[in-house]
Amino acid sequence: MKKVIKIFLAIVPLMLFTSCFDILDKVNVRADGSGEYTLILNASKSKTRLASIAKMETINGKKVPKRTEIEAKINEAARIFKATPGISNVKTSMDFNNYILKLSCNFSKIENINAGLEQMKARNIIGKMIPAQIYNQNLSKKVFIRNKVNTFKSDYDKMSKADKEIFHEARYISVLQFENTVKSQSNGAYSLSPNKKAVKLEANIIDLILQKKQLQNNILFQ
């Protein structure tokens, strides 16, 4: 299986067999730098297809993961986050009727999330190519940074037509909420909420792979 696919879906391999899914990455940051992190993988639009695929042993030459294997991946991810300093209140939910998976936690500082992702890479829960140093914050300079993600276009170009189709209807949504008021941001692709305390980016995953949209954003607070 191509490593680039693992960038988004390493812990939920069943979703590799449908192109219609959403990934919601949500961060809520308080004024002191602590906050909540939530990751939701939603394939409910494809639940009928996935329910049929789940009964199969293989499809398109790939092994179909069992529910127990998916649960084990999610539970291991939760255990790693629980063991990461600065992370607490780790929760998971797995709705296999609608194919919605959720992982959430509290953090003391946003860099704790980076550390948790690094541990997941070290334990092979997520692929080695998945970026882990995603966020940074400097309270004294009143800035929150969504770091740049490298392009994986060369990997995508080498994929088969069937594998490329996985991304055609897949979407990624990033929501960053703050207790402080946003003064400015460097990436105009993120929409600013009316109260200026949240920014949101919605993009097709294929546009992120091909760098038609960038995730990087420097957010400055008042």
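The values are calculated or read from the model by the stated rules, or taken from the named source; none is laboratory data. It should be emphasised that the depicted structure is a prediction, and the values quoted were computed from it without experimental measurement. Glycine also receives a Cβ, built like all others from the backbone with ideal geometry; neighbour counts cover every protein chain displayed.
For region 139-154, state whether one or more residues are modelled with pLDDT under 90 and crowded, with 17+ Cβ neighbours inside 10 Å. Yes.
Counting only residues that are at pLDDT 95 or above and part of a loop (DSSP other than H, G, I, E, B), which one in region 99-136 is nearest to LYS66 (Cα to Cα)? Among those that are at pLDDT 95 or above and part of a loop (DSSP other than H, G, I, E, B), it is ILE110.
Contact map, region 199-222: first residue closer than 16 Å to LYS153 by Cβ and free of Cβ contacts under 8 Å to residues at least 12 places away in the same chain, second residue outside any helix (DSSP H, G or I) and among the small types (Gly, Ala, Ser), Cβ cut-off under 9 Å, separation 6 or more or different chains; pairs are LYS212/ALA203. Here is the figure for region 57-111: residues that are among the basic types (Lys, Arg), closer than 22 Å to LEU24 by Cα and surrounded by fewer than 16 Cβ atoms within 10 Å (Cβ to Cβ) total 4.
Condition test on ALA198, is it among the aliphatic types (A, V, I, L, M), within 17 Å of ASP25 (Cβ to Cβ) and at pLDDT below 90? Criteria not met by ALA198.
On the basis of being in contact with a Leu (Cβ under 7 Å, 6 or more places away or on another chain), at pLDDT 95 or above and not hydrophobic (A, V, I, L, M, F, W, C), does LYS183 make the cut?
Details: in contact with a Leu (Cβ under 7 Å, 6 or more places away or on another chain): yes; at pLDDT 95 or above: yes; not hydrophobic (A, V, I, L, M, F, W, C): yes.
Answer is yes for this residue.
Residue count for region 163-222 satisfying the condition of being β-branched (Val, Ile, Thr), assigned to a strand (DSSP E or B) and crowded, with 17+ Cβ neighbours inside 10 Å: 4. Answer yes or no as to whether THR58 is among the hydroxyl-bearing types (Ser, Thr, Tyr), modelled with pLDDT under 75 and over 22 Å from SER174 (Cβ atoms). For THR58, the condition - among the hydroxyl-bearing types (Ser, Thr, Tyr), modelled with pLDDT under 75 and over 22 Å from SER174 (Cβ atoms) - is met.
Being β-branched (Val, Ile, Thr) and within 21 Å of the chain's Cα centre (by Cα) is the filter; apply it to region 178-222 and report the residue that is nearest to ASN138 (Cα to Cα).
First, pick out the residues of region 178-222 that are β-branched (Val, Ile, Thr): 181-182, 199, 205-206, 209, 219.
With the extra rule that they be within 21 Å of the chain's Cα centre (by Cα), the set shrinks to 199, 205-206, 209, 219.
Numbers: VAL199: 18, ILE205: 29, ILE206: 31, ILE209: 28, ILE219: 11 Å.
Looking at the filtered set, the residue picked out is ILE219.
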